[in-house]
Amino acid sequence: MSKYPADIAERLDRTNELLQRMLMEVAKTPSTHAIFVDAGYVYAAAGLLVTGTEDRRSFDLDAEGLIEAFIDRARTIFADSRLLRVYWYDGARRRIHTTEQQAIAELPDVKVRLGNLNANNQQKGVDSLIRTDLESLARHRAISDAALIGGDEDLVSAVEAAQGYGARVHLWGIEAAEGRNQAEPLLWEVDSQRTFDLDFCRPYVTRRPVTTYEDDTPPPSREDVRFVGAQIATAWLAARGRESLVDLLPGHPYLPGSVDQDLLVEAERLLQHSLRGHAHLRRALRDGFWQHLQAQF
């Protein structure tokens, strides 16, 4: 005979049944992981390892291929887990997407987060974005595991915040050419570590060809350079469409680093003369580029 009255015993039985159902549902719920990529770290570390330089203008990074490789590796490591998404953190002037960042943002299962880029091309605010996302996803039990690709000591607080809500944080890095490219306090704080070597990175990093021009001929005139800038703007607009123009105009008179570098390289090819060291000609080039784009808007 039960020691509880019938109505209480019935309620206890219903409560136990409900708890059993909840536990069964939790057991069936798959684990979830997300990948957090500090793009500044990836560009610098992979560029230095493969090409010997951290300068983004000197090499191309196949971001789509590299992201897919990260996803594949995570699929192997977290075999019984599903991918929430990849978070790609980068810097941009006035937080306006570059053409390259737009292409990355259009990839499936990828979310681009932008911090600022200062006059020295240094990222600002990226670490705080990583912390906000890591902490929020862990707090809401949206992820059980986080693969963090970065090396800055400022990321320690992000790791601690996520771990405080029960998520495991796994630090992934890129092999350093010499020494270390990840802060020791960050290495100490995470739950596991993994390093991608040269063979892993090489397929996704390609050095840009360097074209040299003889400078014993007189430099082109400002009007010639301005005209070439307009020519390149015409081709740029035809290739990318007016939608890209709408995104580019708010940054005037500045151009995103990747666009500015491509403009310079193409102008030197057309002019068959180096514009390095000719600041007034480079200004004329940008003026011609902008003048044509604004005329089309």
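The values are calculated or read from the model by the stated rules, or taken from the named source; none is laboratory data. The structure presented is a predicted model; accordingly, all values stated were derived computationally and were not measured. So basically every Cβ, Gly included, is an ideal-geometry build from the backbone, and we count neighbours across all protein chains shown. For the accessible areas, the whole protein counts, side chains as well, though only heavy atoms, and no ligand, DNA or RNA atoms are used. Shrake-Rupley method; radii C 1.70, N 1.55, O 1.52, S 1.80 Å.
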Practice task
Sort 10-18, 233-241 for me by packing, meaning the mean count of neighbouring Cβ atoms within 10 Å per residue, highest on top.
Solution key: 233-241, 10-18
Problem - Peptides 220-230, 280-290, 32-42 ordered by average Cβ neighbours within 10 Å, highest first - result: 32-42, 280-290, 220-230
Practice task
Could you tell me, in Å, what Rg and Dmax come out for the Cα atoms of the range 151-206?
Solution key: 12.9, 40
Fill in the blank from the handout: Helix 63-77: inclination vs the chain longest Cα principal axis, degrees, rounded to 10, gives 20 degrees
Problem - Taking the C-alpha atoms of the chain, convex hull volume expressed per residue in Å³ - result: 171 Å³
Handout entry: Cα centroid separation - the range 30-74 against the range 154-175, whole Å
Key = 18 Å
Exercise for the section: Report the full-extension gain for the segment residue 224 to residue 73: residue separation times 0.36 nm, less the Cα-Cα distance, to one decimal in nm. Expected result: 49.3 nm
Problem - Accessible carbon and sulfur surface of the chain relative to its total accessible area, %, 1.4 Å - result: 49 percent
Exercise for the section: Provide, in order from the shortest bin, the percent of all Cα-Cα pairs of the range 177-293 in each 5 Å bin, continuing until the bin that contains the maximum pair distance. Expected result: 2, 9, 17, 16, 11, 10, 8, 9, 9, 6, 3, 1, 0
Handout entry: For the chain, accessible area per residue (1.4 Å probe, heavy atoms of protein chains only), Å²
Key = 56 Å²
Problem - Quarter of Cα convex hull surface for the range 25-152, i.e. mean projection, nm² - result: 8.5 nm²
